[in-house]
1. May I ask you to derive the FRET efficiency for ALA95 and THR200 from their Cβ-Cβ distance with R0 = 25 Å, giving the value to the nearest 0.05?
2. Using only the Cα atoms, work out Rg/Rh for region 95-263, with Rh taken as the Kirkwood radius, to two decimals.
3. Take every Cα pair under 8 Å in region 95-263 that's 6+ residues apart, average their separations, divide by the length, and report that relative contact order as a whole percent.
4. Full extension from PHE119 to LEU171: what is 0.36 nm times the residue separation minus their Cα-Cα distance, to one decimal in nm?
5. For the pairs LYS96/LYS167; LYS132/LYS172; LYS96/LYS230; LYS145/LYS202; LYS172/LYS197, note any where the Cα-Cα span goes beyond 23 Å.
6. For the ranges 245-254, 107-116, 202-211, what's the packing order if you count other beta-carbon atoms within 10 Å of each residue, average per peptide, and put the highest first?
7. Fewest first, what order do ILE259, ILE223 take by the number of other Cβ atoms within 10 Å?
8. Stretched out fully, how many nm does the piece from GLN229 to ALA153 gain, at 0.36 nm a residue minus the Cα gap?
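Read-outs throughout are calculated quantities, based only on the coordinates presented, and are distinct from any laboratory measurement. In this text the structure is predicted, and so the values were computed from the model without any measurement. Don't worry about glycine lacking a Cβ; one is built from the backbone with ideal geometry, like all the others, and counts go over all protein chains shown.
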Amino acid sequence: MYSITETVNFHNFTLYNNLILVCSSIRCYSPNKERYQNNAIIFHLSHSLSAQILLFFPFAFSALCCDPAPGITKDFAPSISVWLADSLPNRVLSAKAAQLSDAAFSLTRDAVVYDPAYFTIPYPNGDVPEGKGVCTDVIIRTYRKLGIDLQKAVHEDMQQHFGLYPKKWGLKKTDTNIDHRRVPNLMTFFSRKGTVKSITKKGDDYVPGDIVAWRLEGGLTHIGVVVNQKSKDRNRYLVVHNIGNGQELSDCLFSYTVIGHYFY
């Protein structure tokens, strides 16, 4: 799979001081219609140029960006679209941010029923039954795809610094079955071990790979992962979360009150 980190060398490409990237999204499909690649190259036209020049670049770059995945031949039909992306932030994702985004997005393909029940699970690398989960399980499963076990990480930090974690549940000791599955605990962990980022109302401040926590009506908390998919108005990235409808992709970044913003 290619990721945004493998095409960033085009982001600041300039021709004759006129052409700086606007946008070409190249989606490649195998003969059985399964999508295995979705790359984006950004263009911007600062002065009037021939439309033929703009339309030439997507086809020229398609040979570079649409190499088949292992086991798939080049017998595919690329679908190419071009649009002005003036609202896109001029940022480059780190490799880890791109991996987190891809991992979270892949979870939306799994059929999961929202189930807030307490489960006894193995330790380490324990998970609730397949097909079940809540919002925190989206975070846990995302990081697990990168080989990071939040169950173990949170448990070990809580053991050493139990007094720094919330006492909302009347616990007097750690519980490897549930500690990492509680939003306030994850917020504390990410604050201690990750990067705390600014809480703003600007969509560009929330980038793929970021973790966002919210307060819902009634004081409930919620959490999700920002991924590399844009809202229809292209003013913010979408979020993978589970608020009751399973692991889904939503335009909900500012639908609730943001109370935490992290990268880990």
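1. Plugging the Cβ-Cβ distance into 1/(1 + (r/R0)^6) gives 0.50.
2. Checking Rg against Rh, the ratio lands at 0.94.
3. RCO, region 95-263: 28 percent.
4. Difference between extended and current length: 17.1 nm.
5. Too far apart for the 23 Å limit: LYS96/LYS167; LYS132/LYS172; LYS145/LYS202; LYS172/LYS197.
6. 202-211, 245-254, 107-116
7. By the 10 Å Cβ count, ascending, the order reads ILE259, ILE223.
8. So the extension gain works out to 24.5 nm.
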